[in-house]
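Colleague: Sharing a structure below in structure tokens format, with a few things to ask.
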Amino acid sequence: MSNKIRKKLHAFIIENCESEISSLSDNTPIFESGLFKSVQIMDLILFVEEISGKEVDVEGLKPGAFKDIDTIIKNFVETEKKN
Amino acid sequence: MKIGLSKHAPGLCAIYGPLLNLDKSLDAIFLSWAHQFKALEYSFPQFLAVKHLDRLQYFTSFPHLATFAVTLDRDEDELTRFSHEHKVLENGSLELPKIQPSTHVITPAACYHAYVEFEGQQFDQPKIITTRGICCRCEDHYVSLERQWTFSMREIICIGTPDEVHNFLNNAKEKVDRFINKLGLNVKWEGATDPFFNPKNNPKYIFQKLEPVKKELVFDNRLAIASTNDHINYFGEAFNLTRNGETLSSGCIAFGMERWLSAIVNTFGEDPNSWPSFNISNA
């Protein structure tokens, strides 16, 4: 499940990024490295909601929650397993 | 002894005597830090062009805070009629005749002027300036010295590479921390967001929650008296501030002057003789 989502996230970031990507790993910082601009956070949240089937609680967001692909998967896809 | 505060209207106060002296002493400390950064001092106009603020999506993000500078239409007959017939109502309001489209807002934050001032410039090294301005933000309610329609803000602003801006903000924060320890105010730094309109639908608000770009120095768990703001390359892109073709970052430290006065009065009482004395040499 999370592998499929991981691949979809990779594809989404490559398709929408603002700069040329030499390499994109699961730990590449999405905003800090300039792949995405800050205004694209909304697009990323909507995409994560779409592929995870869960609404993102904007008010409850913590610093770094969308740092990289690994962090997104951990915070918004694998949470059900813990529950 | 009075502290030196007159309330003219909700959100509009005058300070004099002890409070004004305290304000001057505090500002001298903040200004001395600016000088340690070799900051050039600026005095900017009270108004800011809407075309400049619009580039920052200000009217999307903060429409509720804006106070516009408006003037009456120059039509001679309209002006004559208004000069004879205008009437201030019991609720303190004045109905205006036709007004001209507004081209300016009353400055909502002191640092905006800096980016306008330097538009299109290249900087070989960090550019650091300081300014103090009367800022104007419309609020739902007002509290004297703490939440005012017009208030004074001292800012020190740095334009440079991300590392230069981070170093500047860290150094500025260290100066504040040293001063606060001597002063004995009950404060702590907290992550914060700006007061966006309809925040949940504003990517800038969400980004501020995700990236710790704004920190506030909060007094007694309730009142932000200063803030550090890492703008990343937001203003650099909007106003084309560059070095060797690369867009620069910016950051600022801001001091809400009246809020510092309130924090000191709340901490040390309403007798000015009990207020701490400090000067540039011991800050």
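The values are calculated or read from the model by the stated rules, or taken from the named source; none is laboratory data. Remember, predicted model here, so these are calculated numbers, not experimental data. Methodologically, a virtual Cβ is constructed for each residue, glycine included, from the backbone with ideal geometry; neighbour enumeration extends over all protein chains shown.
Colleague: Which residues, counting only those in the stretch A:49-80, are more than 11 Å from chain B (Cβ to nearest Cβ) and of a type in the set (Gly, Ala, Ser)?
Modeller: Once the filter is applied, which keeps residues that are more than 11 Å from chain B (Cβ to nearest Cβ) and of a type in the set (Gly, Ala, Ser), the stretch A:49-80 yields A:SER52, A:GLY53.
Colleague: Please name all residue pairs, on different chains or six or more residues apart, with Cβ atoms under 6 Å, provided the first residue is in the stretch A:21-40 and is of a type in the set (S, T, N, Q) and the second residue is surrounded by fewer than 18 Cβ atoms within 10 Å (Cβ to Cβ).
Modeller: A:ASN27/A:ASP70
Colleague: What single numbered condition from (1) within 18 Å of the chain's Cα centre (by Cα); (2) in a loop (DSSP other than H, G, I, E, B); (3) closer than 30 Å to B:LEU40 by Cβ fails to hold for B:ASP124?
Modeller: Going through the list (1) within 18 Å of the chain's Cα centre (by Cα); (2) in a loop (DSSP other than H, G, I, E, B); (3) closer than 30 Å to B:LEU40 by Cβ, B:ASP124 breaks only (1).
Colleague: Check off (1) under 27 Å from B:PHE59 (Cα atoms); (2) outside any helix (DSSP H, G or I); (3) among the aliphatic types (A, V, I, L, M) for B:LEU185 and give me the number that stays unchecked.
Modeller: (1)
Colleague: Name the residues in the stretch B:179-191 that are on the phi < 0 side of the Ramachandran plot, surrounded by fewer than 16 Cβ atoms within 10 Å (Cβ to Cβ) and in contact (Cβ under 8 Å) with a residue 12 or more places away in the chain, would you?
Modeller: Answer for the stretch B:179-191, where residues must be on the phi < 0 side of the Ramachandran plot, surrounded by fewer than 16 Cβ atoms within 10 Å (Cβ to Cβ) and in contact (Cβ under 8 Å) with a residue 12 or more places away in the chain: B:LYS182, B:ASN186, B:LYS188, B:GLU190, B:GLY191.
Colleague: Which condition number does B:LYS209 fail, the rest of (1) surrounded by fewer than 17 Cβ atoms within 10 Å (Cβ to Cβ); (2) within 14 Å of chain A (Cβ to nearest Cβ); (3) within 23 Å of A:SER33 (Cβ to Cβ); (4) not hydrophobic (A, V, I, L, M, F, W, C) being met?
Modeller: Exception for B:LYS209: condition (1).
Colleague: Go through the stretch A:24-48 residue by residue and tally those that are surrounded by 13 or more Cβ atoms within 10 Å (Cβ to Cβ), away from chain B (no Cβ under 11 Å) and at pLDDT 90 or above.
Modeller: 4
Colleague: Could you list, in sequence order, the residues of the stretch A:6-45 that are of a type in the set (A, V, I, L, M) and more than 10 Å from the chain's Cα centre (by Cα)?
Modeller: A:ALA11, A:ILE14, A:ILE21, A:LEU24, A:LEU35, A:VAL39, A:MET42
Colleague: If only one of B:ILE225, B:ILE159 is touching a helix residue (DSSP H, G or I) at 6+ places or on another chain (Cβ under 6 Å), assigned to a strand (DSSP E or B), more than 14 Å from chain A (Cβ to nearest Cβ) and crowded, with 19+ Cβ neighbours inside 10 Å, which one is it?
Modeller: B:ILE225
Colleague: Sticking with this one: Could you say which residue among B:ASP230, B:ASP220, B:ASP194 is touching a residue at least 40 places away in the same chain (Cβ under 8 Å), under 22 Å from B:PHE62 (Cβ atoms) and surrounded by fewer than 19 Cβ atoms within 10 Å (Cβ to Cβ)?
Modeller: B:ASP194
Colleague: Follow-up. So which helices (runs of 4 or more DSSP H) stay within the stretch B:1-83 end to end and still have 3 or more residues that are at pLDDT 95 or above and in contact with a Lys or Arg (Cβ under 7 Å, 6 or more places away or on another chain)?
Modeller: Passing ranges, in order: B:17-36.
Colleague: Something else: If A:LYS4 satisfies all but one of (1) over 25 Å from B:SER249 (Cα atoms); (2) surrounded by 15 or more Cβ atoms within 10 Å (Cβ to Cβ), what's the number of the condition it fails?
Modeller: All conditions pass for A:LYS4, except number (2).
Colleague: Take the conditions assigned to a loop (DSSP other than H, G, I, E, B), surrounded by fewer than 17 Cβ atoms within 10 Å (Cβ to Cβ) and touching a residue at least 40 places away in the same chain (Cβ under 8 Å) and apply them to A:ASP70. Does it pass?
Modeller: No, not satisfied.
Colleague: Step by step: first the residues of the stretch B:233-283, then only those that are aliphatic (A, V, I, L, M) and farther than 29 Å from B:PHE207 by Cβ, then the one that is surrounded by the fewest Cβ atoms within 10 Å (Cβ to Cβ). Which residue is that?
Modeller: Result: B:ILE280.
Colleague: Shifting gears a bit: Residue under question is B:GLU164, and the condition is that it be loosely packed, with under 15 Cβ neighbours inside 10 Å and modelled with pLDDT of 95 or more; does it hold?
Modeller: Answer is no for this residue.
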